[in-house]
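Chemist: Quick one: this structure, given as structure tokens, is what I'll be asking you about.
The values are calculated or read from the model by the stated rules, or taken from the named source; none is laboratory data. Because the structure is a prediction, the values reported are computed rather than measured. As a convention, Cβ positions derive from the backbone with ideal geometry for all residues, glycine included, and neighbour counts pool all protein chains shown. Note: accessible area is taken over every heavy atom of the protein model, side chains too, but ligands, DNA and RNA are not part of it. Shrake-Rupley method; radii C 1.70, N 1.55, O 1.52, S 1.80 Å.
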There are 2 protein chains.
Amino acid sequence: MPAAPAGFELDPRIERDSQQLMWLGLCELRLMDDKRWPWLLLVPQRPGAVEIHDLTPLDQTMLTFETNMVSQALKRVTGCLKINIAALGNVVPQLHMHVIARNEGDPNWPGPVWGHGHREPYRREDLHQFVNAIRSALSP
Amino acid sequence: MPAAPAGFELDPRIERDSQQLMWLGLCELRLMDDKRWPWLLLVPQRPGAVEIHDLTPLDQTMLTFETNMVSQALKRVTGCLKINIAALGNVVPQLHMHVIARNEGDPNWPGPVWGHGHREPYRREDLHQFVNAIRSALSP
């Protein structure tokens, strides 16, 4: 397991609302603990990063690569209709990328997921199963 | 002015709701005609692209580069608190990247802009002024 880069600390709200899934080269990959949508978070392990353009060009390219790898895995595992990708940070400024599987008729479709209703945590066994499916899809 | 790549046609809903601003190497850059938020769109000129991972790795890197260049220009021109970046496509599947300037107290802050209320077109002179400011910020 790669050690967290010096000085990087995960925002406590991200830590509370999501489950650690895997460390990639740049990002910590996490699963939002909200069973309404299959929803992953990529958090670049860079202290103080808020906007994507705060990252070095190399880190930006890494983030793009990791986001797309995760997005493809999520689409494969869920068979979803559409992937939603976003870096918002209006509530939690620590830079984090949302990668969400969307389907017609899911909660608030075709509107966005943010700010809609309340988080519904997974049953532990469902969370473990989903984490394992994503880990397998990302393993060589 | 670079010609549009063969086979690429802008979705008519994007055409209707936004104003052409500039052609970049990969993307057509447009301004959403909605004065509630300073809101730009980048549309990769690639026929049939729906997900970012549909693009070649080189195009993905170009999209990242252009998105961040535009995002920095928008932040400089508006002095906004936070940039929101997203590729959703639940309504219009043609791949397009949103780059939006957000501020505390703006409509629906800190929630997302999509699906909130109705579009409020600019007065023509304000639209021209904003288009020119972004063009200048992106010119060498």
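Chemist: Averaging sequence separations of C-alpha pairs under 8 Å and six or more residues apart, then dividing by the length of chain A, give the relative contact order as a whole percent. Could the numbers behind the result be given before it?
Modeler: On the way: 200 pairs, mean separation 35.8, N = 140.
Over chain A, the number comes to 26 percent.
Chemist: Measuring label to label, 7 Å along Cα→Cβ, what does B:Glu9 give against each other copy in nm, shortest first?
Modeler: Relative to the other copies, B:Glu9 has label-point distances of 5.6 nm.
Chemist: Let me ask something else about it. Using a 7 Å offset from Cα along the direction of the beta-carbon, what are the separations from B:Gly48 to the same position in each other copy, nm, ascending?
Modeler: Once sorted, the set of distances for B:Gly48 reads 4.6 nm.
Chemist: Return the value, in Å² to the nearest 100, of accessible area buried between chains B and A (probe 1.4 Å, both sides summed).
Modeler: Details: alone 7770 and 7760 Å², together 13040 Å².
Interface area, both chains combined: 2500 Å², rounded to the nearest 100.
Chemist: Still on this structure, I have one more. Enumerate the lysines that A:Lys75 could reach by cross-link, defined here as Cα to Cα under 27 Å, with residues fewer than 8 away along the same chain left out.
Modeler: Those lysines meeting the cut-off are A:Lys35.
Chemist: How compact and how long is chain B, expressed as Rg and Dmax of its alpha-carbon atoms in Å?
Modeler: When restricted to the Cα atoms of chain B, Rg and Dmax are 14.4, 43 Å.
Chemist: Cross-link partners among aspartates and glutamates for B:Lys82, C-alpha distance below 16 Å, same-chain residues fewer than 8 apart left out?
Modeler: A:Glu51, A:Asp54, B:Glu104, B:Asp106
Chemist: With a 10 Å radius around each residue's Cβ, average the other Cβ atoms per peptide and rank B:97-105, A:11-19, highest first.
Modeler: Numbers: B:97-105: 19.1, A:11-19: 14.4.
Most protected by this proxy first, the peptides run B:97-105, A:11-19.
Chemist: Let's test the formula: R0 of 35 Å, r as the Cβ-Cβ distance of B:Val50 and A:Ala6. What FRET efficiency results, to the nearest 0.05?
Modeler: Details: r = 40 Å, r/R0 = 1.13.
With a Förster radius of 35 Å, E is 0.30.
Chemist: For B:Glu104, project a label point 7 Å along Cα to C-beta. Then give me every residue of the range B:53-93 with its amide nitrogen under 13 Å of that point.
Modeler: B:81-82
Chemist: Compute the label-point distances linking B:Asp126 to its equivalents in the other copies; points lie 7 Å from Cα along Cα→Cβ; give nm, one decimal, shortest first.
Modeler: Listed shortest first, these distances are 4.5 nm.
Chemist: Work out the mean other chain Cβ neighbour count within 10 Å for the residues of B:88-94 and drop it here as an integer.
Modeler: Working: counts 11, 7, 12, 4, 1, 2, 0.
Mean number of neighbouring Cβ atoms from other chains: 5.
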